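A.B. asks: One structure follows; several queries about it will come next.
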Protein chains: 2
Amino acid sequence: MVKVLKTKIEIEGRVHEEVVVIDGELPAPWDSKAELTIVGQPVPRVDGAERVTGQARYTSDIQLPGLLHARILRSPHPHARIKYVDISAAEALPGVRAVICRDSTAPIKWHRSSFVFDSTLRYVGDEIAAVAADSLEIASDALRLIKVEYEVLPHITDEQHANDEASPPVWVDEPRNVIGGEPEVYKRGDVDKAFKDADFVVQATFRTPTALHNCLETHGSVAQWEGDNLTIWDSTQHIFGVRQRVAERLGLALNKVRVIKHYMGGGFGSKNGAGKYTVIAALLARKAGRPVKLMLNRMEENLVTGNRDSTVQHIAGAVKKDGTLLALKLVCYANSGAYGGGGMPIAGPVQEMYRCANVYTESWSLYTNLGRDSAFRAPGFVEGNFALESLMDMMAEKVKLDPLEFRKKNYAERAPKDNLPYSSKGLRQAYERGADIIGWHSRAWADRPAVDPKNPDIRRGYGMASQVWGGGGGPPAHAIIKVNADGTADVITGTQDIGTGTKTVLSQVAAEAMGFRFEDVRVHVGDTSLGVYAPLSAGSMTVPSMSPAVQMAALDVHKQLLAIAAEVLEVKSARLELKGSVISQGKGKKSITVKELIGGLSDYMVVGQGLRGPNDNSYAINTFGCQFAEVEVDTATGQVRVLRLVAIHESGRVINPMTITSQLYGGVTQGMGYGLMEHRVVDHRSGIVLNPNLTDYKIPTALDVPLEIVGEMIDLPDTIATTTGAKGIGEPPIVPTAPAIANAIYDACGVRVFQAPISPDVLLDALQRRDQPMVVEQPAAAELAPVSQKEE
Amino acid sequence: MVKVLKTKIEIEGRVHEEVVVIDGELPAPWDSKAELTIVGQPVPRVDGAERVTGQARYTSDIQLPGLLHARILRSPHPHARIKYVDISAAEALPGVRAVICRDSTAPIKWHRSSFVFDSTLRYVGDEIAAVAADSLEIASDALRLIKVEYEVLPHITDEQHANDEASPPVWVDEPRNVIGGEPEVYKRGDVDKAFKDADFVVQATFRTPTALHNCLETHGSVAQWEGDNLTIWDSTQHIFGVRQRVAERLGLALNKVRVIKHYMGGGFGSKNGAGKYTVIAALLARKAGRPVKLMLNRMEENLVTGNRDSTVQHIAGAVKKDGTLLALKLVCYANSGAYGGGGMPIAGPVQEMYRCANVYTESWSLYTNLGRDSAFRAPGFVEGNFALESLMDMMAEKVKLDPLEFRKKNYAERAPKDNLPYSSKGLRQAYERGADIIGWHSRAWADRPAVDPKNPDIRRGYGMASQVWGGGGGPPAHAIIKVNADGTADVITGTQDIGTGTKTVLSQVAAEAMGFRFEDVRVHVGDTSLGVYAPLSAGSMTVPSMSPAVQMAALDVHKQLLAIAAEVLEVKSARLELKGSVISQGKGKKSITVKELIGGLSDYMVVGQGLRGPNDNSYAINTFGCQFAEVEVDTATGQVRVLRLVAIHESGRVINPMTITSQLYGGVTQGMGYGLMEHRVVDHRSGIVLNPNLTDYKIPTALDVPLEIVGEMIDLPDTIATTTGAKGIGEPPIVPTAPAIANAIYDACGVRVFQAPISPDVLLDALQRRDQPMVVEQPAAAELAPVSQKEE
């Protein structure tokens, strides 16, 4: 067993940073020559049957004796001060078991200087009070009995004006509504000089929408106290993170809080930690002396649980005639809502995608009186890539290069931002494969005639876009494996399967490394008390963080079993091989199964332990991909139909081609929704979100997805990133979809759209300006000027 | 970490037995000189609050979405063959979701040649069919709709006639109703010669009752399928045992079955494994496609879940004038019911209690048409000790020695049965302490005048009895400890706290061995999937099996923390001390807390692992005790009032004086019930149990317990038994209570009662024979004669 521990702690004012290696041996990495029989197979989901038959129990399915149902009273105003809250009538309603509000509970700190129940309300949906009752109906009735008097304050919801001097501050101590007080600035090289030296400068302003996660399973928690021990069932991407936050907020020791989550119906970054609802469920349960279930409804889900920032991005590129990219500049504004953390890496693609010596980015995160921003599948990169990859096509046209050739010409051989070698990079192979499949080189380039002479409004076009993202591992993770007397094994982890197939993939890794049959392995997830620490299931991090830990624990088991077999068979363990749950001694000698070896040991378990250590920081660990779209545009209606979407990605070793392809399909579908359909609409005058539902907020359904999606991986084991060679794939496939479609729309009808989603009305608007120059929404020079000034 | 593995397996016809030591270091044993600060303290139960406030969730509290409620149709006949079962009307009842019986399910093997649903019914209560429905009421209604036609067979319920040639066989292949076909015989020395050489031979026949466990929480299971994974919540003393049996019976892999049990309301040996109800719940759940709860009601609890065998014991002792015990002979018959395993160690006390060179025992276990026997707190020893310890007093009187002196004279310095040294024995100290407290030496010996001259019927008397029992450890057990970023720890085990305080005691061991504060530790139990293997919580085995495993895991954690601290503080780890969650560097240097040390490591856990290996077989590992009773007998009514009961026991180190004293109180109370009140009554003609309830079957209530119970331990760390020095105390305190009371009754009124319970009617019967010779129920010589014949 190996324990690698990187610790950074302050003792007596001195910061210590150490790496402690406790003892043992890391698994030999599975490089491209490793002969693997289970890893690499398209094994169906191990929990598929229970998911599709309704046997899987989600958080909202939890039933407990005496369980109460809770609801939250939320602000009807985008900005207001509470003059008073009167809960007495609600408390008196029969069936109501607990009511809490600002005045009835000790204040619990939340975002910045605010509290869980704050006296200032900062968006429509902000928490005022909560009720637990015998039924959801009684709880809803009780909400209507709570009397609140408000002092309504001026509000700002439009990020384009949040920073205006006249706009009211969301937080009194941040008068200009800028998170951190100033933008985040990054620079390398000399951008001004590069812009002067360039043959062409192309610039534009892009706008991207606020997108809502719309997890099929809404956010929610069930809380139960047993003495001073709190158990929380939570729909979360990080059980240990929820434990940490709840313990902090309620002043409990970490081992007094148990967080459980087994099945999950989507998170996409919005479930990375505890919500106010989690803490409120625990408070209500404590007050009522009974367990409490608090599940958000769809409207709450879409108002309060986070969203992808809407952005305004002013972007400019400088390029030489021969297609060399000289410089990139980006000034972007993101709408972080009232409680957002901001700092989304919208500038990420500009900084990291291409070889480009001179880069300047300036990222503004703005408070507004709206629900908070939160991570959303490749946060920042989806927004930023829409602008960058549109601009890349614009520049390619300027220098008269095929968009793919232009990208290849500026291919980054080392990571541009950190100037580190990549642990692996298979983007070139992805370009070739994707181009082959879509028929990129045989397509007619440039505006082409109508597809159907009888219907001249229908145009067909092709587009593509690239993608870079992280996904190499993240913080340490643990795993334990127990071998039962019948030769089956239980893998104990503290991770969570957020719907991506974690259990299936880790079963493959464990079986492979132990030398067991796949069906002999069962992976357990989702319990902080009994599981061992695992990081957040986000950041495309689960496979690269968990798979090496499981691999190491499996290796530990493998060795112990061989040692026992050597003892029992009276041979040297080096002469034994354990594969397919069979231990063989070599030619002519009898083999025995693991079950035969340890069948008599029902009173004993072989227990193995594994740990994944920190990343190797001397490499840039990234994942890559590109997507090619073939679209049909109806220029009369503005309707876009995606005929084919070819997604080719590289994220190290492919452990399971089936689950990884599912991720590609899901990412492409969500990316298409982002590019063509999804858009939270806010009435800025009232501060009200007009479509916090699934009727008016459109997400792609089965009828909307591309007619054909081809998802393929470049299988390139990356043994620098992880000992299994695998990196993460959760986020990458959403990143290039929208710009690939936008570029295909341009190819189809010669109109560049600077705004997502490219809904029919937006496209029709753009088509009506067809006669204008290509860069139709080029920003005024003044808009980019401050950038240069600030550079000096 | 140390892994000691004893394996015995057959491969290619060859049996291998090996001890494999994988690696690492056992903890240094805590001998009597160890300076312990948490172990040894009377810490209140960590789960006391939730238990007494109703927050603790037992198996019957489990709620699941779509949960069905189940009931079982049981045989009304003690012996019958089923001609047919018709479930169609039951299946047609609205709300019924599944009905199963012999004909509707694949046969599942159970005891001997029988099946879960067998075509032969062998006692009143045997399973015929089962129903799962939307409510318990519908399920009950449905039972009445099941049509069964029986062929009633002759039955036998009286163990005194079970072996008669004329009695019908319970099992066709065991015509004489003897389990195993013959009695279990043990002998050492030459009993016949010793009986001839003796100055006195005392013999008698004792009868003991069938006692019912009457756990406050009845037996039951909740079963839920998710795909082919089965989760069972079970009220059990062995989650891994239930897993093993259910997996076997249903043909499932061990890792497909998860057994969960958190809180428990009593087991006493009757919940050592899966019942038919467990398998039936799983079958119903599978058939209905919904989870099923199957809790037995009190009548079922008392008919089908096991009981302590009733016995008939012919016993004889040979003694020299000087009080030297020469020989003991025992021929006993036990009623094992229809499905009992038999083999209860009723001869155990005769074989193991005293130094006695010549012993012969012959134990018959008999099938009858009644519910099965099962382990019940010190099975066999309670029954056998009633006879032996009564006989000891009879012999003491014969040789004119004080009963205590007689016992001391025949004190065993080595284990008489195996002729091994004891790992420790504190019985002599217990005798001294108990005699002191009760005032044994100052009491008037021999029949004494009435206590109250105005009420000459009231007599007072004193009696005592000894006890020996196992309790050194049992099979290996595992533990894992995780340290959280706030310096708190979670101890992960696969054991179960059956109500004895396991969580509290293991918390103390973990805190002590890690050097943590007690309040920083939380122990987890009761989950086979996430916990690591632990044995049965029975046989007084939990503390001696689990505490060394936890101690070792804690030591592992302790060492890792010191290694990290050494690295961070830049000192040698040998110079550091970790105690009370503080790491100190010695005089004048700053101390840091564990939280300070690892507070930055929320992404990492220190994980320790521990294993308890097999016992050292070169020692006899036993526990000992003695009890002294002071009673008041009303010779007019036959009522016995226990005024004082002094229980002094030795079971190695006392980890928690409070929890261990609770065990003494509980054992004494249950022992008093056995001696004075408890008695299952069977109508042998109909084969029906007349009192399977808590109205007619009397157990001691708070008003019945002795007016004063003094419970004390001789604290004698036994480092041969375990590295913590602790042995088990669950069973010992019930063993000597009944004979101590019987001996006190004799002391009070000069009447020897040869039968338990000594209820008023029994005592009145005996009092009416006061003028007869002391050995009133001496068996005919013929009754013991066959013993001697068989010895030859």
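A.B. asks: Could you tell me which of the residues B:Gln560, B:Gln551 is closer than 16 Å to B:Asp490 by Cα, touching a residue at least 24 places away in the same chain (Cβ under 8 Å) and out of contact with any helix residue (DSSP H, G or I) (no Cβ under 9 Å at 6 or more places or on another chain)? If you could, list the steps in order and put the result at the bottom.
C.D. replies: Working: B:Gln551 fails: out of contact with any helix residue (DSSP H, G or I) (no Cβ under 9 Å at 6 or more places or on another chain).
Matching residue, one of B:Gln560, B:Gln551: B:Gln560.
A.B. asks: Residue check: is A:Tyr674 open to solvent by 10 Å² or more (accessible area, probe 1.4 Å) and either of a type in the set (Phe, Trp, Tyr) or not assigned by TED's automatic domain parsing to the domain that holds A:Leu427 (or both)?
C.D. replies: On the way: open to solvent by 10 Å² or more (accessible area, probe 1.4 Å): no; either of a type in the set (Phe, Trp, Tyr) or not assigned by TED's automatic domain parsing to the domain that holds A:Leu427 (or both): yes.
The answer is no for A:Tyr674.
A.B. asks: In addition: Looking only at residues that are of a type in the set (Lys, Arg) and modelled with pLDDT of 95 or more in the range A:510-565, which one is nearest to the chain's Cα centre (by Cα)? Show your work before the answer.
C.D. replies: First, pick out the residues of the range A:510-565 that are of a type in the set (Lys, Arg): A:517, A:522, A:559.
Restricting the remaining residues to those that are modelled with pLDDT of 95 or more gives A:517, A:522.
Values: A:Arg517: 32, A:Arg522: 26 Å.
Among them, the one singled out is A:Arg522.
A.B. asks: A further question on this structure: Of all the residues that make up the range B:743-766, how many are within 20 Å of B:Val202 (Cβ to Cβ), among the small types (Gly, Ala, Ser) and modelled with pLDDT under 95?
C.D. replies: 2
A.B. asks: I'd like to verify a number: residues in the range B:394-412 that are touching a strand residue (DSSP E or B) at 6+ places or on another chain (Cβ under 7 Å), open to solvent by less than 40 Å² (accessible area, probe 1.4 Å) and in a helix (DSSP H, G or I), how many?
C.D. replies: Kept after step one, since they are touching a strand residue (DSSP E or B) at 6+ places or on another chain (Cβ under 7 Å), are these residues of the range B:394-412: B:394-395, B:398-399, B:403-404, B:407, B:410.
Now narrow it down to the ones that are open to solvent by less than 40 Å² (accessible area, probe 1.4 Å): B:394-395, B:399, B:403-404, B:407, B:410.
Those still in the list that are in a helix (DSSP H, G or I) too: B:394-395, B:403-404, B:407.
Residues meeting the conditions: 5.
A.B. asks: Test each condition in (1) under 17 Å from A:Ala387 (Cβ atoms); (2) part of a loop (DSSP other than H, G, I, E, B); (3) not hydrophobic (A, V, I, L, M, F, W, C) for A:Pro739 and report the one that comes out false.
C.D. replies: With (1) under 17 Å from A:Ala387 (Cβ atoms); (2) part of a loop (DSSP other than H, G, I, E, B); (3) not hydrophobic (A, V, I, L, M, F, W, C) applied to A:Pro739, the lone miss is (2).
A.B. asks: Turning to a different aspect of this structure: What number of residues within the range A:217-231 satisfy the criterion of being part of a strand (DSSP E or B) and within 12 Å of chain B (Cβ to nearest Cβ)?
C.D. replies: Going through the range A:217-231, the residues part of a strand (DSSP E or B) turn out to be A:220-226, A:229-231.
Still in the running and within 12 Å of chain B (Cβ to nearest Cβ): A:222, A:224-226, A:229-231.
Within the range A:217-231, residues that are part of a strand (DSSP E or B) and within 12 Å of chain B (Cβ to nearest Cβ) number 7.
A.B. asks: When the residues of the range B:204-255 are narrowed to those that are touching a strand residue (DSSP E or B) at 6+ places or on another chain (Cβ under 9 Å) and among the basic types (Lys, Arg), which ends up least open to solvent (accessible area, probe 1.4 Å)?
C.D. replies: B:Arg243
A.B. asks: Pull up the range B:618-651, narrow it to residues that are outside any strand (DSSP E or B) and under 19 Å from B:Val382 (Cβ atoms), then point me to the one that is least open to solvent (accessible area, probe 1.4 Å).
C.D. replies: From the range B:618-651, those outside any strand (DSSP E or B) are B:618-619, B:621-622, B:635-639, B:651; that's our starting set.
Add one more test, that the residue is under 19 Å from B:Val382 (Cβ atoms), and what stays is B:622, B:651.
Numbers: B:Asn622: 16, B:Ser651: 1 Å².
This residue is B:Ser651.
A.B. asks: For the range A:515-548, which residues satisfy the criterion of being in contact with a Gly (Cβ under 7 Å, 6 or more places away or on another chain), within 11 Å of chain B (Cβ to nearest Cβ) and of a type in the set (Gly, Ala, Ser)?
C.D. replies: Scanning the range A:515-548 gives A:Gly531, A:Ala534, A:Ser545.
A.B. asks: Being in the same structural domain as B:Leu561 (by TED's automatic domain parsing) and touching a strand residue (DSSP E or B) at 6+ places or on another chain (Cβ under 8 Å): is that true of B:Lys425 here?
C.D. replies: On the way: in the same structural domain as B:Leu561 (by TED's automatic domain parsing): no; touching a strand residue (DSSP E or B) at 6+ places or on another chain (Cβ under 8 Å): yes.
The answer is no for B:Lys425.
A.B. asks: To continue, here is another question. Mind checking whether some residue in the range A:735-751 is open to solvent by 30 Å² or more (accessible area, probe 1.4 Å) and within 20 Å of A:Ala636 (Cβ to Cβ)? Talk me through it step by step, then tell me what you get.
C.D. replies: Residues of the range A:735-751 that are open to solvent by 30 Å² or more (accessible area, probe 1.4 Å), as a first pass: A:746, A:750.
This time we only want the ones that are within 20 Å of A:Ala636 (Cβ to Cβ), so: A:746, A:750.
The answer is yes, given that some residue of the range A:735-751 is open to solvent by 30 Å² or more (accessible area, probe 1.4 Å) and within 20 Å of A:Ala636 (Cβ to Cβ).
A.B. asks: If you don't mind, there's one more thing I want to ask. Which members of the range A:554-573 meet the condition of being of a type in the set (Asp, Glu) and either at negative phi or open to solvent by less than 10 Å² (accessible area, probe 1.4 Å) (or both)? Break it down into steps so the answer makes sense when it comes.
C.D. replies: Just the residues of the range A:554-573 that are of a type in the set (Asp, Glu), to begin with: A:556, A:567, A:570.
Scanning the range A:554-573 gives A:Asp556, A:Glu567.
A.B. asks: Right, next: How do the strands (runs of 3 or more DSSP E) wholly within the range B:69-160 filter down when requiring 1 or more residues that are open to solvent by 60 Å² or more (accessible area, probe 1.4 Å) and modelled with pLDDT of 95 or more: which remain?
C.D. replies: Details: elements: B:80-86, B:96-101, B:127-133, B:147-152.
Fully inside the range B:69-160 and qualifying: B:80-86, B:96-101, B:147-152.
A.B. asks: Any chance the range A:601-621 includes a residue that's among the hydrophobic types (A, V, I, L, M, F, W, C) and in contact with a Cys (Cβ under 7 Å, 6 or more places away or on another chain)?
C.D. replies: No, that holds for no residue.
A.B. asks: Let me ask something else. Residues to consider are B:Gln585, B:Gln551; find the one that is farther than 30 Å from B:Arg243 by Cα and either surrounded by fewer than 20 Cβ atoms within 10 Å (Cβ to Cβ) or away from every other protein chain (no Cβ under 13 Å) (or both). Explain how you work it out, then say what you get.
C.D. replies: Working: B:Gln551 fails: farther than 30 Å from B:Arg243 by Cα.
Criteria check complete, one pass: B:Gln585.
Rundown of residues vs (1) in contact (Cβ under 8 Å) with a residue 60 or more places away in the chain; (2) away from every other protein chain (no Cβ under 14 Å); (3) under 30 Å from A:Ser545 (Cβ atoms); (4) of a type in the set (Phe, Trp, Tyr), yes/no style:
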{"site": "A:Val606", "(1), (2), (3), (4)": "yes, no, yes, no"}
{"site": "A:Gln609", "(1), (2), (3), (4)": "yes, no, yes, no"}
{"site": "A:Arg612", "(1), (2), (3), (4)": "yes, no, yes, no"}
{"site": "A:Ala620", "(1), (2), (3), (4)": "yes, yes, yes, no"}
{"site": "A:Val631", "(1), (2), (3), (4)": "yes, yes, no, no"}
{"site": "A:Asp634", "(1), (2), (3), (4)": "yes, yes, no, no"}
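A.B. asks: Identify all residues within the range A:330-352 that are more than 17 Å from A:Phe376 (Cβ to Cβ) and within 19 Å of the chain's Cα centre (by Cα); write none if there are none.
C.D. replies: Once the filter is applied, which keeps residues that are more than 17 Å from A:Phe376 (Cβ to Cβ) and within 19 Å of the chain's Cα centre (by Cα), the range A:330-352 yields only A:Glu352.
The values are calculated or read from the model by the stated rules, or taken from the named source; none is laboratory data. Not measured: the values here are computed from a predicted model. Cβ coordinates were reconstructed from backbone atoms using ideal geometry, including for glycine residues, and neighbour counts include every protein chain displayed. Just so you know, the surface numbers come from the protein's heavy atoms only, side chains and all, with ligands and any DNA or RNA stripped out. Shrake-Rupley method; radii C 1.70, N 1.55, O 1.52, S 1.80 Å.
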